[in-house]
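Asks: Sharing a structure here in structure tokens format.
Values in this text are rule-based calculations from the coordinates and carry no lab data. From a predicted model like this one, the values you see are computed outputs, not experimental measurements. Cβ atoms come from the backbone with ideal geometry, glycine included; neighbour counts cover every protein chain shown.
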Amino acid sequence: MPPTQRDSLVTPLARMLPQRRRGAWSATRRSSGIAIDLGSARTRAWMPDCGLLVDAPTVTPAGAGDGCRPVQRGVVVDLQGATRCLDQLLGPAAGLGQYSIVVLTTPLRCTELNRSVALAALEVLDARTVVTIESVKAAALGAGADLTRPLLVVDIGADLTEVGLLVDGGVTEASRFEVGTSDLGATTGLAELVQSIVGAVTQLLRLDCGAQVVDALDRGPLLIGGGALRPEITYRLSKRLLAPVWPAPAPHNAAVRGAGLALVAAQRHPSLPGED
């Protein structure tokens, strides 16, 4: 894809790095950490003191199967393509890499195999430590939600929708289905998407966590992902669930913001290796 047509970095990374020239970055970059949300549609990255650095399509770079999508339905389906995408955005091809720590968001019910493939794609970044966090938990952190009370998080992405129940800050029950905003009008209608979410919440009510789900519905589910930018989805969900539904601020970036907060906390943890 020609550079003029590519939706790439929010701003050139070298200009975003505070009080450092690009040449000076190589000598100090081990002291840095980065949070990454490797989504099916877009890849986003956040760094302390810089904020959101990258918000770009998750596609294989030009010359390597241009335009192919290496991540689909929340799963890395093309390891080589995902590696090249990360390399061009955040790795040696971008003059970066060798991070002290990377915090990566993962979808709910991520299998060990899928997690291993995603971690293999990250190897191009030459990170000393990699930490994963479930995307719904990260988004709740990024939205500043009160995690001392039960919370339902509904994440409507481009081609994956997840419903997670957080209790005491951890995901206790979860549901996911492979449909998202990119499917609307093609294979799935809006009513069908809303019904799938309502069905997932209804199923949670039948489990042992039912009382906690009721508490979470009383306060209202937190809506994140690109679907939260569509008022008709918020309206229909609220009407069907008979509960308020709260779109997170900048809902499409909530997960990477929360992963960034987890990154800052992890950097302060005494068990992490020391900096070079």
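Asks: When Lys and Arg each count +1 and Asp and Glu each count -1, what net charge do the other residues less than 11 Å away from residue 76, Cβ to Cβ, add up to?
Replies: It works out to a net charge of +2.
Asks: Give, in nm to one decimal, the length gained when the segment between residue 123 and residue 190 is fully stretched (0.36 nm per residue of separation minus the Cα-Cα distance).
Replies: Going from the current span to full extension adds 20.3 nm.
Asks: Pop out the ³J(HN,Hα) list for the range 36-43 in order, Karplus 6.51 cos²θ - 1.76 cosθ + 1.60 with θ = phi - 60°, rounded to Hz; leave Gly and Pro as x.
Replies: Going residue by residue, I get 10, 10, 8, x, 5, 9, 9, 10 Hz, with x marking Gly and Pro.
Asks: Would you mind computing, in nm to one decimal, how far apart the modelled labels at residue 130 and residue 168 are, each placed 7 Å from Cα along Cα→Cβ?
Replies: In this crude spin-label approximation the distance works out to 3.0 nm.
Asks: From the phi of every residue in the range 148-158, what ³J(HN,Hα) in whole Hz does the Karplus formula 6.51 cos²θ - 1.76 cosθ + 1.60 yield, where θ is phi - 60° and glycine or proline is x?
Replies: 7, 10, x, 9, 8, 10, 10, 10, 10, x, 5
Asks: To the nearest 20 Debye, how big is the dipole of the range 103-175 about its Cα centre, given +1 on the beta carbon of each Lys and Arg and -1 on that of each Asp and Glu?
Replies: With Lys and Arg at +1 and Asp and Glu at -1, about 100 debye.
Asks: I've got another one for you. Considering only DSSP states other than H, G, I, E and B, which trypsin sites (Lys or Arg not before Pro) in the range 139-241 qualify as loop sites with at most 11 other Cβ atoms within 10 Å?
Replies: Passing both the DSSP loop test and the Cβ count: 206.
Asks: Which length gain, in nm to one decimal place, applies between residue 115 and residue 230 when the Cα-Cα distance is subtracted from 0.36 nm times their residue separation?
Replies: Between residue 115 and residue 230, full extension yields an extra 38.4 nm.
Asks: Still on this structure, I have one more. Could you state the number of Å between the C-alpha centres of the range 149-195 and the range 57-125?
Replies: 23 Å
Asks: Would you mind working out the magnitude of the charge dipole of the range 154-276 relative to its Cα centre, with +1 at each Lys and Arg C-beta and -1 at each Asp and Glu C-beta, to the nearest 20 Debye?
Replies: 400 debye
Asks: Between residue 240 and residue 147, what is the label-to-label distance in nm when each label sits 7 Å out along the Cα-to-Cβ direction?
Replies: 2.8 nm
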